[in-house]
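Working notes, structure below.
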Amino acid sequence: MIVVTGATGNVGRPLVRELLAAGERVTAVSRRSPRESPAGLRHHQADLAAPQTLKPALDGAEALFLLTSGDFVAHGGILDDVLEVVRTGGVRRVVLLSSQGVATGDHPSELEDAVRRSGLEWTMLRPGGFHSNTLQWADAVREQRTVAAPFGDVALPIVDPEDIAQVAAVALRDPGHAGRVHELTGPAPVSPRQQTAAIADAVGEPVRFVEQTRGEARAEMARFMPEPIADATLDILGDPSPGLRRVSPDVERVLGRPPRTFADWASRNASAFR
């Protein structure tokens with residue numbers, strides 16, 4: 001059996017579908033009960049910030065997909081407690097959704113460090129930004145046919161959450177990925193201006209791109225995240241390191257096909273912007 005935490009999110013949902021389609025027994029873990037679940041899926045409500053709540057989900061599990069939230073990270077230093085519950089629950093293998101920025105030093109490594117010292121078999125997935133992050137523009141596109149974002153021509157090789165999910169499914173099912181780190185990107189860097197053009201093509205109508213100043217973007221971001229995090233995010237978006245700009249071959253290496261483009265993602269999700 002495979003346990004998937006964060007099972008209602010942009011990666012967790014397609015990962016659960018992928019594993020069920022492969023015939024695996026799956027327990028989906030989330031902090032809230034889903035409104036509907038695929039046939040054959042077991043759901044368990046738990047919060048990683050209270051590690052013991054995860055314990056009942058682990059009965060009979062061999063592998064765990066570990067996705068932590070920003071709220072969880074804010075608690076600080078409790079992943080060791082989660083992993084102790086996982087290890088004593090009989091799980092042998094954990095696949096961690098980490099971040100491309102760990103390798104470049106743009107993001108801290110404490111989650112990976114905890115997994116490495118857990119005594120479990122591990123695989124690290126380090127994605128860049130998600131295609132689905134652009135869903136934050138959906139209201140403005142639907143209502144005004146406008147996207148407002150900073151650094152309009154700074155391009156990064158963002159990745160499709162479906163590709164992350166498929167790589168995770170392989171790593172969870174194949175022990176040959178133990179001890180490996182997979183850096184997950186799209187096939188080419190794409191800028192906010194180019195993303196806007198792809199969304200316009202997907203909805204079949206013009207969408208105007210408005211470039212924000214750093215100050216405008218910071219004021220908007222500070223409404224839903226701490227100001228230091230907003231500043232750090234803008235530093236990365238405005239002047240990303242060469243490592244964050246690099247296109248990785250790992251999606252194709254694992255899946256045997258190229259990663260999906262942002263245009264493909266926009267086409268599949270056009271209804272969110274109409």
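The values are calculated or read from the model by the stated rules, or taken from the named source; none is laboratory data. The shown structure was predicted, so the numbers you read here are calculated from the model rather than taken from an experiment. Using ideal geometry, Cβ is built from the backbone for each residue, glycine included, and neighbour counts are taken over all protein chains shown. The accessibility values were calculated without ligands, DNA or RNA, using every heavy atom of the protein model including side chains. Shrake-Rupley method; radii C 1.70, N 1.55, O 1.52, S 1.80 Å.
What to note about this one:
- Residue check for residue 206: open to solvent by 30 Å² or more (accessible area, probe 1.4 Å) and more than 18 Å from residue 15 (Cβ to Cβ): yes
- From the list 263, 230, the one residue that fits, being touching a Lys or Arg at 6+ places or on another chain (Cβ under 8 Å), touching a residue at least 12 places away in the same chain (Cβ under 8 Å) and not basic (Lys, Arg), is 230.
- For the range 209-240, the set of residues classified as surrounded by 12 or more Cβ atoms within 10 Å (Cβ to Cβ), of a type in the set (Val, Ile, Thr) and farther than 15 Å from residue 140 by Cα consists of 229, 233, 236, listed by residue number.
- Selection count, the range 99-112, where residues are touching a residue at least 40 places away in the same chain (Cβ under 8 Å) and under 18 Å from residue 180 (Cβ atoms): 3
- Hey, residue 185 more than 15 Å from the chain's Cα centre (by Cα) and surrounded by 19 or more Cβ atoms within 10 Å (Cβ to Cβ) or not: no
- Count of residues meeting criterion [of a type in the set (A, V, I, L, M, F, W, C), open to solvent by less than 20 Å² (accessible area, probe 1.4 Å) and assigned to a helix (DSSP H, G or I)] in the range 128-173: 9
- For the range 58-77, the count of residues that are within 21 Å of the chain's Cα centre (by Cα) and polar (S, T, N, Q) is at least one.
- Of the residues making up the range 46-59, those that are closer than 21 Å to residue 172 by Cβ and open to solvent by 50 Å² or more (accessible area, probe 1.4 Å) are 55, 56, 59.
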